[in-house]
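Report on one structure; see the data block that follows.
The values are calculated or read from the model by the stated rules, or taken from the named source; none is laboratory data. Model, not experiment: these values are computed from the prediction. Heads up, the Cβs are rebuilt from the backbone with ideal geometry, glycines too, and the neighbour counts pull from every protein chain shown.
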Amino acid sequence: MKLIRLTENRIIDISRFVALIPSNNDDNYLLILEGSSEGILIHDNDLSILTKYLGDEKELFTTSKTEYTLTNLAKPQAVEILQARIARHESMSDTEAAQKAEAWERFKQNIDAERPDGCKLYS
């Protein structure tokens, strides 16, 4: 647990940091903490306090609502696993892809066969 004090005597646990997202107002941000159902409104003057504990603002988050990259938001091992799966999928032969598609169709039919009418998942 790493507690820091913001202005207005607000104290947060920065070890639960997930993201800092610009809000509709250019001067405010929403701080997302792990386990929190809502973002915490962070004013511009609190931003300097947060960046002191989080490091360089440019490396950890962006101020543009449209620029989010997987490497900035995900854990490094998750990115490596995803890249390996993408590479494996791209290098898959046509026959292997057809076999996987056929197996998926059989799976869907088997699941739906066990479910009552009106509760089918795939058909």
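The number of residues in segment 1-37 being under 14 Å from T51 (Cα atoms) and small (G, A, S) comes to 2. Would you check if there is a residue in segment 92-111 being in a loop (DSSP other than H, G, I, E, B), at pLDDT 90 or above and over 23 Å from the mean Cα position of the chain (by Cα)? Yes, segment 92-111 has at least one match. Taken over segment 13-50, the criterion of being of a type in the set (S, T, Y) and under 17 Å from L3 (Cβ atoms) is satisfied by S15, S36.
Can you find even one residue in segment 44-58 that is under 30 Å from I86 (Cβ atoms), modelled with pLDDT under 70, in contact with a Leu (Cβ under 6 Å, 6 or more places away or on another chain) and surrounded by 11 or more Cβ atoms within 10 Å (Cβ to Cβ)? Looking for residues that are under 30 Å from I86 (Cβ atoms), modelled with pLDDT under 70, in contact with a Leu (Cβ under 6 Å, 6 or more places away or on another chain) and surrounded by 11 or more Cβ atoms within 10 Å (Cβ to Cβ), one finds none in segment 44-58, hence no. The number of residues in segment 1-43 that are of a type in the set (A, V, I, L, M, F, W, C), in contact with a helix residue (DSSP H, G or I) (Cβ under 8 Å, 6 or more places away or on another chain), surrounded by 11 or more Cβ atoms within 10 Å (Cβ to Cβ) and not in a helix (DSSP H, G or I) comes to 8. Taking each residue of segment 97-123 that is surrounded by 11 or more Cβ atoms within 10 Å (Cβ to Cβ) and looking for partners that are among the β-branched types (V, I, T) with beta-carbon atoms closer than 9 Å, six or more apart or interchain, yields K120/I111; Y122/I111.
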